[in-house]
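Bear in mind these aren't lab numbers, they're just calculated from the coordinates by the rules spelled out. Quick caveat, the model's predicted, so the values are computed rather than measured. Cβ coordinates were reconstructed from backbone atoms using ideal geometry, including for glycine residues, and neighbour counts include every protein chain displayed.
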Amino acid sequence: MAAPREAPERRPFGRRFLTDPARLFQHNAWDNVEWSEEQEASARSKVQENSSQLLPQDKQEEYEVNAKRYWDDFYKIHENGFFKDRHWLFTEFPELAPNRNPSQNGDSVHEFSNKEESNNEGLGSCENGHCSLETRAENQLNLIKSTPKICTEELATQNYSERNQSDGDYPGSSASYRILEVGCGAGNTVFPILQTNNDPGLFVYCCDFSTTAVDLVQNNAEYDSSRCFAFVHDLCNDQSPFPMPDVSLDVVILIFVLSAILPEKMQSIVNRLSRLLKPGGMILLRDYGRYDLAQLRFKKGQCLSDNFYVRGDGTRVYFFTQDELDDLFTTAGLEKIQNLVDRRLQVNRGKQMTMYRVWIQCKYRKPAAPRL
């Protein structure tokens, strides 16, 4: 018999309870909201209903083959959106700026919920599973586009992969602290890191499947090639080169990225990313949890496989459990530091609507090298 799973880890944040419904709509969000058995049963029923009809196999293959085009189109549409900064990064993931003084961070946990996830105008606007609050382009910084650069995977990485990386001939080779963000989108995580982390030894790599997204990063006025290297990368292609060697990274960031990948390819991707980490290096993840509002909003005919859906714009999304993520990371040889569920109640005061969001946040570390 398999060993019993430990009890789900929950966010150790203070709860807020309101008994007066009139007061409820004066607020935006509550963290660590407990679900009743009835709520969970209702969510499970909705998922069973919207997944009862799967897309034909030929359509599923079409979405896989054309995945890059769908993400390029997504960023072409959203590049000029007005999104908020991800200052919450340094509350949730202090590893991104280890020398940062906590008193410098004015974003408390509750401010995090308001800034990151509680845009009143966006709440309730989930269509085809694409919530305005959830996309990787949400929170992107002000972008200033100049003459577009040609940025292909070959041009961005070929010259570096052909050199002898073991001799330190790669971007960021002289850095003492290296961070890689996978699925960087338009830079809404990378640029706050560069602005906040003043470590002179810092070097940030960022990559995305979408050429359009990487162009946005490279054309941002704050892009600094002496501290950052943006490149196009296909995670699902094992032969797609990284510009840095294995065992060279301190942190790998995955924010609402792994969920966009075909489930059967996730393990090999996590294995590859694990090999990039130094002993003691960490993977930081935040992604969609099972029964999130976005999953419940899907209609019949949008389900590809269990808990995996296609949105109206052709992009895809998976909704995880804690155990699934734990299996992915531990199979890759990483040890758990954090694996928690973050359930949020959000309120649209204008529309008098309540919505439940479910995210999972993880930190997994590569074991330190054994002493000889």
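Which cross-chain or sequence-distant (5 or more) residues have an amide H under 5 Å from the amide H of Ala230, H modelled 1.01 Å from N in plane?
Amide H to amide H, under 5 Å and 5 or more residues apart or across chains, Ala230 pairs with Cys206.
At 7 Å along the Cα-to-beta-carbon direction for both Lys299 and Asp246, put a label point, then send me their distance in nm to one decimal.
Placing both labels 7 Å along Cα→Cβ, they lie 4.8 nm apart.
For Gln39 and Ser176, what is the calculated FRET efficiency with R₀ set at 45 Å and r taken between the beta-carbons, to the nearest 0.05?
0.40
Which net charge results when you count Lys and Arg as +1 and Asp and Glu as -1 among the other residues whose beta-carbon is under 14 Å from that of Asp246? Mind dumping the intermediate values first?
Details: positive: Arg178, Arg272, Arg275, Lys278, Lys366; negative: Asp238, Asp250.
Cβ neighbours under 14 Å give a net charge of +3.
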